[in-house]
1. Taking PHE84 as the residue in question, decide whether it is open to solvent by less than 20 Å² (accessible area, probe 1.4 Å) and modelled with pLDDT of 95 or more.
2. Collect the residues in the stretch 143-167 that are open to solvent by 40 Å² or more (accessible area, probe 1.4 Å) and either part of a strand (DSSP E or B) or at pLDDT below 95 (or both), keeping them in residue-number order.
3. Could you tell me whether the stretch 66-73 includes any residue that is farther than 24 Å from PHE218 by Cα, modelled with pLDDT of 95 or more and touching a helix residue (DSSP H, G or I) at 6+ places or on another chain (Cβ under 9 Å)?
4. So, of the residues in the stretch 4-23 that are within 27 Å of GLN340 (Cβ to Cβ) and part of a helix (DSSP H, G or I), which turns out to be least open to solvent (accessible area, probe 1.4 Å)?
5. For the stretch 190-220, give me each residue that is within 21 Å of the chain's Cα centre (by Cα), open to solvent by less than 30 Å² (accessible area, probe 1.4 Å) and in contact (Cβ under 8 Å) with a residue 60 or more places away in the chain.
6. Report, by residue number, each residue of the stretch 38-86 that is assigned to a strand (DSSP E or B) and either out of contact with any His (no Cβ under 9 Å at 6 or more places or on another chain) or hydrophobic (A, V, I, L, M, F, W, C) (or both).
7. Out of the stretch 170-179, which residues are out of contact with any Pro (no Cβ under 7 Å at 6 or more places or on another chain) and either among the β-branched types (Val, Ile, Thr) or not in a strand (DSSP E or B) (or both)?
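The values are calculated or read from the model by the stated rules, or taken from the named source; none is laboratory data. Given the structure is predicted, the values throughout are model-derived calculations rather than measurements. Please note: Cβ atoms are built from the backbone with ideal geometry, for glycine as well, and neighbour counts cover all protein chains shown. Side chains included, ligands, DNA and RNA excluded: accessible areas come from the protein's heavy atoms. Shrake-Rupley method; radii C 1.70, N 1.55, O 1.52, S 1.80 Å.
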Amino acid sequence: MALEAFKAGQIDFRTENIAKEWATAYDFPAVQRGLVKRDEIRHEIPTGMQAFAVNLRRPLFQDARVRRALIEVFDFEWMNANLFYGSYARTTSYFSNSELASSGLPEGRELEILQAYKGRVPDRLFTEPYALPVTDGSGNNREGLRRALGLLREAGWVVKDRKLVNAQGQPFAFEILLNGPSFERVALPYVQTLQRLGMEPRVRTIDPAQYQVRIDAFDYDMTVEGQGQSLSPGNEQRDFWTSAKAQENGSQNVAGIANPVVDELVELVIAAPDRAELVARTRALDRVLLWGDYMIPQWHSRTFRVAYWDKFGRPPRNPKYALALDSWWVERTREGSVEQGKREAKPQ
């Protein structure tokens, strides 16, 4: 209804959060005549981590090779092209879209912090940038499947009669718990890919009240987790990642991460004496979390998608951390023609 009201000129400005609508719903006469403008305004607001989170409290997911196998077959490029009209960027950090995100190899102060944990974190953390697999977007991710199957074999899983089983003959079966149907279109293609490995995943969608009860009690195998972040991480990081919170019902440590190094880095972040040290310590925490392969990262948007009737002026530069619509103004020289266009847009 709001979109139709905007098309009819009853609303002057609109932000669009649905990729499909942004790609397909804004080809109406006022746009074609130049009376309505569309823009994607870049921002640097931290977008955090949205992901399929496995429940590490389940024995099935305690082997890091198994978790990495699940990452290898998640085909973001295909999903972005076929489900989201190419609107999203892959999330590669728990502090994505901010200066707090780790990247490349650790260096400077971040490297100094991590050196203290040598032998307690993967050796590759110091020699390789953490990287997620990239596909050609065709939907035929044979290389990812091959790598995943190799990791699963190393972890003791084999394919028998087209089913993935462990040494005791138990199948690799688990449930993806959702709190509404909107994510089914993402989960179901992922399920189909996992089935090609011989796994037996299933999707269960329940109402939000039941979902919250099960999440609070850690009664799930895998779910979709959205972990937002700010530019000033602090005490809340304990609730997100620490061992103590992994066993505390109702905490936000959905994945059940219980890693002493993570615990120590969280305390360092909280105790950071200045901004430079906060950034370095947060990047170190981010890097250790990534190398744990605790989640299957999904995507984020780096822009505000806005559509507006073209009667506004705005500053040449937008703030990094806000849309700042209150800094826009009405251009009187354009207002008359736009209002005339609105009248013509209304049904006769």
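1. For PHE84, the condition - open to solvent by less than 20 Å² (accessible area, probe 1.4 Å) and modelled with pLDDT of 95 or more - is not met.
2. Within the stretch 143-167, VAL158, VAL159, LYS160, ASP161, ARG162, LYS163, ALA167 meet the criteria.
3. The answer is yes, given that some residue of the stretch 66-73 is farther than 24 Å from PHE218 by Cα, modelled with pLDDT of 95 or more and touching a helix residue (DSSP H, G or I) at 6+ places or on another chain (Cβ under 9 Å).
4. Checking each candidate, the answer is PHE6.
5. TYR190, LEU194, PHE218, TYR220
6. Result: ARG38, ASP39, GLU40, ILE41, ARG42, MET49, ALA51, PHE52, ALA53, VAL54.
7. Within the stretch 170-179, the subset out of contact with any Pro (no Cβ under 7 Å at 6 or more places or on another chain) is 170-173, 175, 177-178.
Hits for the stretch 170-179 are GLN170, PHE172.
One line per residue, one yes/no per condition, for (1) closer than 30 Å to THR47 by Cα; (2) open to solvent by 50 Å² or more (accessible area, probe 1.4 Å):
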| residue | (1), (2) |
| --- | --- |
| ALA307 | yes, no |
| ASP310 | yes, no |
| ARG314 | yes, yes |
| LYS320 | yes, yes |
| ALA324 | yes, no |
| THR333 | no, yes |
| VAL338 | no, no |
| GLY341 | no, no |
| GLU344 | no, yes |
